[in-house]
Amino acid sequence: MGTMTISIDNDVEQQFRALAKKIYSKKKGYLGNAVTSAMKKWIDENTQKQISEREIKLLENGFDMGEFKFKSREELYER
């Protein structure tokens with residue numbers, strides 16, 4: 001388990017603490033659980049964004065499917 005020291009706006013801190021109290025019922029470690037949950041969500045969202053941007057670039061560039069070796073369907077299925 002890691003330890004971080006951060007600085008955030010007072011307004012954001014108060015809102016976060018109030019919401020964390022509602023969700024986690026001010027049990028021991030409620031603030032750490034809320035921060036962990038928020039960080040995981042942020043990581044998941046940004047990871048998904050990077051994946052989608054990479055896949056969109058692939059679609060925009062297109063795929064090289066090679067060339068056709070058969071001119072018609074009949075040639076492909078000759079017996």
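Rule-based calculations on the coordinates, nothing more; no lab input. All values derive from a computational prediction rather than experimental measurement. Positions of Cβ are backbone-derived with ideal geometry, glycine not excepted, and every protein chain shown enters the neighbour counts.
If you check Glu13 against the conditions, is it exposed (fewer than 10 other Cβ atoms within 10 Å of the Cβ) and charged (D, E, K, R)?
Judged against the criteria, Glu13 is not a match.
Of the residues making up segment 20-79, those that are exposed (fewer than 10 other Cβ atoms within 10 Å of the Cβ) and part of a loop (DSSP other than H, G, I, E, B) number 17. The number of residues in segment 18-35 that are under 25 Å from the mean Cα position of the chain (by Cα) and not hydroxyl-bearing (Ser, Thr, Tyr) comes to 8.
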